[in-house]
Amino acid sequence: MPDVCNVVVLISGSGSNLQALIDSIQAGANASKSSPARIRAVISNRADAYGLQRAQQAGITTQVLDHKQFDDREAFDAALAQAIDAHEPHLVILAGFMRILSPGFVRHYAGRLLNIHPSLLPKYKGLHTHQRALDAGDSEHGCSVHFVTEELDGGPLVIQAIIPVRPDDSPTSLAQRVHEQEHVIYPLAMHWFAEGRLRLDDELGATLDAQPLPDSGYVIRP
């Protein structure tokens, strides 16, 4: 890994996970524990995404690429890849990017594309994860960072944060506590990758410090 790890972040909304990534880089610099990670650009498919303002306030290049201006998903993804590649990224991070990516796009960034999902994958792929966890009577819930593959929310797991489900939890309260843990584990995964510790191996799957991670990824229990 070079001295600097160029990161491009894709967003569609408020960008709270983006802010956590930005803050973690700044905190490391302030503590003289500088990470190789550098967010070179933030790209959104929505011009009204508040995350664009977060990036601009941090001095990060922003770009809007409106998916509605393209004939189909493949055309949008081709333009998106061109925009991303202009920043020579080592890592691409999906931070609330509300688009299903085409197989060709995913293959182009194989091994350097991360996503975060608000459930303990492989449970509850897709939407409404907090309500589904409550409906199932689960005692635990959480969030997962994983490498992106062509299977929706199905790539090898990197790290999970597990929290208890409380008797009085609602989807809103559960979402809030899960979101707090997203802001912990996503920066951690980014820095692991930037430091050359986290990799996706064709045979071993996700590895940390050259050792295969378990199927559940690295697990923390705050």
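Each value in this text was obtained by applying a stated rule to the coordinates, not by laboratory testing. Remember, it's a predicted structure, so these values are computed and weren't measured experimentally. Every residue, glycine among them, receives a Cβ derived from its backbone with ideal geometry; neighbour counts consider all protein chains shown.
Some observations on this one:
- Taking each residue as 0.36 nm, the span from residue 135 to residue 83 lengthens on full extension beyond its C-alpha to C-alpha distance by 14.6 nm.
- Cα gyration tensor, the range 1-146 - rounded (a/c under 1.5), prolate or oblate: oblate
- Measuring between their Cα centroids, the range 40-72 and the range 100-169 lie 23 Å from each other.
- A crude spin-label estimate for the pair residue 98 and residue 180, with each label 7 Å from Cα along the Cβ direction, gives 2.6 nm.
- Given charges at beta-carbon only (K, R positive; D, E negative), |dipole| of the chain in Debye: 480 debye
- With both labels modelled 7 Å from their Cα along Cα-to-Cβ, the residue 110 to residue 30 distance reads 4.1 nm.
- As a rough footprinting exposure proxy, the listed residues 16, 173 were ranked by other beta carbons within 10 Å of their own, and the order from fewest upward is 173, 16.
- Taking 17 Å as the cut-off, the amide N atoms of the range 1-20 that come nearer than this to a point 7 Å along the Cα-to-beta-carbon line of residue 204 belong to 1.
- Ignoring the sites themselves, the chain has its longest run without chymotrypsin sites (Phe, Trp or Tyr not before Pro) in a DSSP loop having at most 16 other Cβ atoms within 10 Å at 71-222.
- Annotation: amide H of residue 158 within the under-5 Å range of 145, 146, 147, sequence separation 5 or more or interchain, hydrogens built in the peptide plane.
- Overall form of the range 1-40 per C-alpha gyration tensor (a/c, 1.5; a/b vs b/c): oblate
- Residue 172 paired with residue 127, simple spin-label distance in nm, labels 7 Å along Cα-to-beta-carbon: 2.0 nm
- Residues of the range 20-40 falling in the label zone of residue 3, defined by backbone nitrogen less than 20 Å from a point 7 Å along Cα to beta-carbon, are 25-26, 28-40.
- Annotation: for a label point projected 7 angstrom from Cα along Cα→Cβ of residue 47, residues of the range 3-33 with backbone N closer than 18 Å are 11-14.
- Cα-derived Rg to Rh of the range 116-162, Kirkwood definition: 0.96
- Think of the range 1-109 as having a plus end and a minus end, set by charges on the Cβ of Lys, Arg, Asp and Glu; of 67, 51, 89, 51 sits farthest toward the positive end of this dipole.
- The chain, relative contact order [Cα under 8 Å, separation at least 6], %: 20 percent
- Ascending count of other beta-carbon atoms within 10 Å, so fewest first, for 5, 143: 5, 143
- In terms of other Cβ atoms within 10 Å, 148, 64, 42 run from fewest to most in the order 64, 148, 42.
- Oblate is the label for the range 63-222, because a/c, from the alpha-carbon gyration tensor with a ≥ b ≥ c as root eigenvalues, is 1.5 or above and a/b does not exceed b/c.
- Backbone HN-Hα couplings from phi across the range 154-162 [Karplus 6.51/-1.76/1.60, Hz, Gly and Pro as x]: x, x, x, 6, 9, 7, 10, 10, 10
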